[in-house]
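Remarks on the structure that follows.
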Amino acid sequence: MRHEDFLQQYVAIQLREAHTLNETMRNRTDKEYHWQTDFPYVTAELSNCDGHLDAKVMAVKYPINPHSGILIMPDEDNEYYEVGYLDIQFGDIDGILDALPEES
């Protein structure tokens with residue numbers, strides 16, 4: 001049986017998504033974006049909570065790194081938390097990118 005290293009493929013995809021989000025934010029005039037409506041959602045893992053929780057993305061700010069750059073508000077409370085691309089579920093960066101409006 002041939003062994004395939006899928007973990008490295010996931011890591012490579014996640015790094016490409018983070019790079020794309022960073023490039024998008026770096027090229028914005030103010031290097032950040034704050035949602036007022038139509039928030040993208042992510043599934044995040046916070047250090048002070050057990051398990052994962054659903055949260056609204058309130059803002060993203062360049063640079064996005066493994067543990068900062070994405071401001072979220074979990075559905076369970078009205079507190080803000082800053083997380084990075086390693087703190088959210090695989091594929092959630094794609095939803096953030098889709099929710100970013102084109103800058104005019």
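The values are calculated or read from the model by the stated rules, or taken from the named source; none is laboratory data. These numbers were taken from a predicted model, which means no experiment stands behind them. Note: ideal-geometry Cβ built from the backbone for every residue, glycine included; neighbour counts use all protein chains shown. When the accessible area is computed, the model is the full protein with side chains, heavy atoms only, and any ligands, DNA or RNA have been set aside. Shrake-Rupley method; radii C 1.70, N 1.55, O 1.52, S 1.80 Å.
Brief remarks follow.
- Pick from segment 19-43, criterion under 13 Å from Glu103 (Cβ atoms) and outside any helix (DSSP H, G or I), ranking: least open to solvent (accessible area, probe 1.4 Å): Arg28
- The residues in segment 69-100 that are in contact (Cβ under 8 Å) with a residue 60 or more places away in the chain and either touching a Gly at 6+ places or on another chain (Cβ under 6 Å) or farther than 20 Å from Leu7 by Cα (or both) can be counted, and the count is 4.
- Pick from segment 44-68, criterion under 15 Å from Tyr33 (Cβ atoms) and free of Cβ contacts under 8 Å to residues at least 40 places away in the same chain, ranking: least open to solvent (accessible area, probe 1.4 Å): Ala59
- Checked against the criterion of being outside any helix (DSSP H, G or I) and either touching a Phe, Trp or Tyr at 6+ places or on another chain (Cβ under 6 Å) or among the basic types (Lys, Arg) (or both), the candidates Arg2, Arg16 yield just one match: Arg2.
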